[in-house]
């Protein structure tokens, strides 16, 4: 059975006072979601002890943390500067402790960098793999999984397709480094929304459900019914995180998207 989470892209402390944030979390749970996906900042926007209480009170879990925000603070896995790469690996290693605390996975996407960081994809991938090996050496004893998000070529410079992500995971060679899929990026990079899911099979560790226009599920042209059927074919039982980043407020996005998914089922 698929478990649904809702991605809260904004920092929780930017969404209002404590009562408003707790109301939002309760609302997400009431709509039928089991988890929330958050951006992970270090130091955190909300103290982790406080976040634990809020999430537990709402009856939610945090199945996954996004890590891409650190790119905007100068971190990059493909940087030609060894010092930058080392700081990026060390940042992800610090994130592992947070992931362990919340029993979450870490999503690595934007931290890979852009072609402006490294025009040569072979050099970039060698650096990305080297950094990820350092991280996975620490992740494995902790029992923490990382996923590489295949992000389209307009937003990230490397490993844009699910196939490329699977090759990178194999290159790093850690059982705790797994592929994920994101429907909005697959819509750009792939010829099929379902075959990459079937190709991942039991290795698939995480899913983002995002409409072609980035808005409410069902407002674009993606066939989410086919996506859910493909996930059923591989017996996927992890989390699928709903991502809405355009033309809808959080409450509307959470309510409308879950209603749409229930109609499909």
Checklist entry - Taking the range 237-265 as the search range and keeping residues that are in contact with a helix residue (DSSP H, G or I) (Cβ under 6 Å, 6 or more places away or on another chain) and crowded, with 19+ Cβ neighbours inside 10 Å, which one is farthest from residue 185 (Cα to Cα)? => result 254
Item to check | Matching residues, the range 30-40, being within 30 Å of residue 111 (Cα to Cα) and either touching a helix residue (DSSP H, G or I) at 6+ places or on another chain (Cβ under 8 Å) or without any contact (Cβ under 8 Å) to a residue 12 or more places away in the chain (or both) | outcome: 33, 36, 38, 39, 40
Checklist entry - When you look at residue 207, is it closer than 23 Å to residue 12 by Cα, modelled with pLDDT of 95 or more and in a strand (DSSP E or B), yes or no? => result yes
Next on the checklist: Take the conditions over 16 Å from residue 38 (Cβ atoms), more than 14 Å from the chain's Cα centre (by Cα) and not in a loop (DSSP other than H, G, I, E, B) and apply them to residue 115. Does it pass?
Outcome noted: no
Next on the checklist: Considering only residues that are assigned to a helix (DSSP H, G or I) and either at positive phi or surrounded by fewer than 17 Cβ atoms within 10 Å (Cβ to Cβ) (or both), which ones fall in the range 139-162?
Outcome noted: 140, 141, 142
Checklist outcome for this item: In the set 24, 60, 75, the lone residue that is surrounded by 18 or more Cβ atoms within 10 Å (Cβ to Cβ) and over 22 Å from residue 146 (Cα atoms) is 24
Checklist entry - If the Cβ limit is 8 Å and pairs must be 6+ apart or interchain, which residue in the range 187-203 that is on the phi > 0 side of the Ramachandran plot and outside any loop (DSSP other than H, G, I, E, B) pairs with which residue that is at pLDDT 95 or above and surrounded by 14 or more Cβ atoms within 10 Å (Cβ to Cβ)? => result 201/234
Item to check | Members of the range 125-139 found to be farther than 23 Å from residue 97 by Cβ and touching a strand residue (DSSP E or B) at 6+ places or on another chain (Cβ under 6 Å), listed by number | outcome: none
Item to check | Residues of the range 105-136 classified as without any contact (Cβ under 8 Å) to a residue 12 or more places away in the chain and under 22 Å from residue 175 (Cα atoms), total | outcome: 1
Next on the checklist: Among the listed residues 184, 107, 98, identify the single one that is surrounded by 22 or more Cβ atoms within 10 Å (Cβ to Cβ) and either at pLDDT 95 or above or part of a helix (DSSP H, G or I) (or both).
Outcome noted: 107
Next on the checklist: Quick check on the range 229-250: of everything there that is in contact with a strand residue (DSSP E or B) (Cβ under 9 Å, 6 or more places away or on another chain) and in a loop (DSSP other than H, G, I, E, B), which residue is nearest to residue 206 (Cα to Cα)?
Outcome noted: 238
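The values are calculated or read from the model by the stated rules, or taken from the named source; none is laboratory data. Model, not experiment: these values are computed from the prediction. Because the Cβ atoms are built from the backbone with ideal geometry, glycine has one as well, and the counts that use them run over all protein chains shown.
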